[in-house]
Every structure is written in C-alpha cells, then in structure tokens.
Amino acid sequence: MIVKPRKIPLSIRKLEALIRRLPPYHPKIPLISEELNKKMAGFKGESSLDFYLGFLDPKAYFIFHDLRLKDDSRYFQIDTLIVTKSYLLIIEVKNIAGTIHFDPLFNQLIRIKDGKEMAFPDPLMQVKRQKLQLKKWYTNNGLREIPIYSLVVISNPQTVIRTTPENRLLSQKVIRCEALPSKIIQIENSVHTCILSEKELKKAIRIIKKQHIELDSSIMNKYNISKDELIKGVFCKNCLQFPLARQHGTWFCSVCLEKCNHAHKAALNDYRLLISKTITNSQLRDFLNIESAATATRLLHSMKIPCSGVNKGRVYQLSLFEE
C-alpha cells in the first residue's frame, strides 16, 4: 500500500514558478534552469520505481515516497521507505547518465560522460547515514527496534556501472530498477520472523506519516532575487501571455481571446511558492494587477481562504490550489 504517494516536490514547483515569473532576459535564468533540469531528472528517476513497486503485495508492504523526518535538530530525507512487519527498507534512487564508477577508497561516485569526469557523493555512504538516522528516529519515537536494510537503485537503464575488482559485494547493494522486486523478495526470504504485531505496525505507519515535514525553504533567498524582479499579474494558460485583464467577472486574454474564471488561482500559487504563505487584500491587488479592493475581497471569499484579523489587518493563509 502506498501510504505517502509521490508528488512533484515543492522545490521543483518553486523553480518552475520562478522561471515563469522572471523576465526571459534575467541573468539568473540559466542557473535556475540548470537546477530545475537536475531536479526533474531526479524526480523522473524516482518515479521510474513506481512500476516495479507495483508488483509488491499492498497488504504486506507500506510505501512512503519523498519522506523527510527530523532527527533531534536535523532533518534527513529518504527517497522511498518500505515498512513491513519484519524490516524497513531504505531506497535511494540515482538517475545519472553515462558511466559511473564506485570508488570505495575515497567513498565517491565518479561519473564519466562525454569524456569528462565528475565526482559525486557516495550514495552508499548516504544510505548508511540514513540508516543510522532512521534507527535513532525510531528509538526517539518509542517504536520497537527492527532491522533496516538499504539499496541504491540506478534508474537510468543506459548507465554503465563499474567498480574496483575487490569491491565484489557492490552488486548486493547497488541494483537496477528491474531487479527491485526480486531483491525485495530476497530480503524477505532472509528474514524469517515477524517482529511487529499488527498494532505496532499501524502505530509505526501512523507516526511516520504524521512526522513527515516537507522542505519549504525560500527559493528567492537561495538565488538572492527580490520580489520586485518578478513579473506580476495573471497569465494565460493557453498562450502564457502576461498579464490578463479582469473583465465582467472573468480573466480575458487579448492575444488568444481565451477566457478563464479561475486563472487567478495559478497566480496565487506562484505567490505562495515564491513570496509568502500569507497575503492581504492590498498585496493580492498589487500582485494580480487589480485596482478594486471589493473585487479582491470577492475573489478571496470565493476561494474560501482561511483568514485572521479584521478590516485592513485581515491576513489570508494561502495553500496551493490544485491545477
């Protein structure tokens, strides 16, 4: 059973919103686009697991995607965590093209592509650290100790995997996507007893789900970009024209003549992703290019956005709208 489904990470949505809201000539667009491409490749690699995880018995395997838990004062992230009555399995996914060489001497991953070498952190060290953190997290939350296994999955089918001759056990720790179901069965067969009762299993699943906290850091601060550099207004989903005009209770595009009643929701998503989780009537008018305070109030009320305060001090709490 998939307890925590995979979804597009906030980091990707923020990068997409930033590119959408910056002028096309902005000097930081190439840097942001490069980061977005890396994030998308990683997400694509993680998503490639879903087909193979679909072979698992949903009554015996409980799957968490993109998990982020707090270990004392630090957070740690796990691409995919599988919880069973007998063990936990951490899966770290790497979508790296070219030839990769696992160097056990210096604990690094070397990628060779187009004749160029580049070093990456060793994913085996990464999952080893995650195992220690997850074990500590389990203890801190009063959960029964249970064996923790880990795998590094190479999602790109064209990637060539190499290592030193003495590193013969690498194939037990690093696998390709298509080998995942059989590898999980192999782990299952090596564990002969159920450690957790049904009640303990449900408790662990409940606590893991409850304590997940998605990373929500400021993308604007990361790239040192001011909100004054952003393009304001509502954009047309059909032709991406900025800004749309508000006419007779709807949004109208003068370029493709498209009309949309709810185009402001996408704009408010951008505001939430880039600027703030809260917004006032005045801030909404400024960002959407609306002159009338009454029109802004009607829009806010129509979306049933939670608020606090009264009159000019009223603040609305933004959540992301489904698009």
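What follows draws every value from the coordinates through simple rules; no lab data is involved. Note that the structure is a prediction, hence the values are computed from the model and not measured. No Cβ is skipped: glycine too gets one built from the backbone with ideal geometry, and neighbour counts run over all protein chains shown.
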Residues other than Leu230 with Cβ under 14 Å of its Cβ, Lys/Arg counted +1 and Asp/Glu -1, net out at +2
What is the angle, in °, between the Cα long axis of helix 123-140 and the longest principal axis of the Cα atoms in the chain? Nearest 10 is fine, range 0 to 90. 80 degrees
Short version: ³J(HN,Hα) in whole Hz for each residue of the stretch 222-237, in order, from phi by Karplus 6.51 cos²θ - 1.76 cosθ + 1.60 (θ = phi - 60°), x for Gly and Pro, what are they? 4, 9, 6, 10, 8, 5, 5, 7, 7, 7, 9, x, 9, 9, 8, 5
Mind checking which of Tyr87, Tyr25, Tyr52 has the largest fluctuation in a GNM of the chain, springs on alpha carbons under 10 Å? Tyr25
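How big is the antiparallel share of DSSP beta bridges in the chain, given as a percent to the nearest 5? Don't jump to the answer; show the numbers that get you there.
Working: 33 of 49 bridges.
Around 65 percent of the beta bridges assigned by DSSP in the chain are antiparallel ones.
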Relative to the longest principal Cα axis of the chain, at what angle does helix 263-274 sit, 0 to 90 degrees, rounded to 10? 60 degrees
By Cβ neighbour count within 10 Å, fewest first, Trp137, Trp251 rank Trp137, Trp251
Taking placed amide H atoms and a strict 5 Å upper bound, the residues 5 or more places from Ile96 or on another chain that come that close are Ser155, Asn156
Isolated Cys in the chain, by beta carbon distance under 4.7 Å: Cys177, Cys194, Cys260, Cys307
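For n ≥ 4 DSSP H runs only, could you compute -39500 (n - 2.57) per run for the chain, divide by its residues and tell me the 222 nm figure to the nearest 500?
That calculation yields -11000 deg cm²/dmol at 222 nm.
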For the stretch 261-323, which trypsin sites (Lys or Arg not before Pro) pass both filters: DSSP loop (anything but H, G, I, E, B) and at most 10 other C-beta atoms within 10 Å? Lys304
Footprinting proxy, Ser190, Ser47: sorted fewest to most Cβ within 10 Å, the residues are Ser190, Ser47
Test of understanding: in a Gaussian network model of the chain with alpha carbons linked when under 10 Å, which of Ile112, Ile305, Ile275 would top the mean-square fluctuation ranking? Ile305
Hz values of 3J(HN,Hα) by residue in the stretch 213-221 - Karplus curve (6.51, -1.76, 1.60), Gly and Pro given as x: 10, 6, 5, 9, 8, 6, 6, 5, 5
Let me check against my output: what whole-number percent is the relative contact order of the stretch 232-317, with C-alpha pairs under 8 Å and at least 6 apart? 22 percent
On Cα atoms only, tilt of 10-21 relative to the major axis of the chain in degrees: 40 degrees
Candidates per trypsin sites (Lys or Arg not before Pro) in the stretch 1-96, loop by DSSP, up to 16 other Cβ within 10 Å: Lys7, Lys28, Lys59
Under the Kirkwood approximation applied to all pairs of distinct alpha-carbon atoms, what is the hydrodynamic radius of the chain in Å? 22.8 Å
I'd like to know which of Asn269, Gly313, Gln247 lies farthest towards the positive end of the charge dipole of the stretch 232-317, counting +1 on Cβ of Lys and Arg and -1 on Cβ of Asp and Glu. Gly313
Starting from the Cα of Asn107, step 7 Å along the direction of its Cβ; do the same at Cys194; then give the gap between the two resulting points in nm. 3.8 nm
Using only the Cα atoms of the stretch 91-150, build the gyration tensor, take square roots of its eigenvalues as a ≥ b ≥ c, and label the shape rounded, prolate or oblate: rounded if a/c is under 1.5, else prolate if a/b is larger than b/c, else oblate. prolate
Relative to the Cα centre, what is the charge dipole magnitude of the stretch 2-211, using +1 at the beta carbon of each Lys and Arg, -1 at the beta carbon of each Asp and Glu, and rounding to the nearest 20 debye? 760 debye
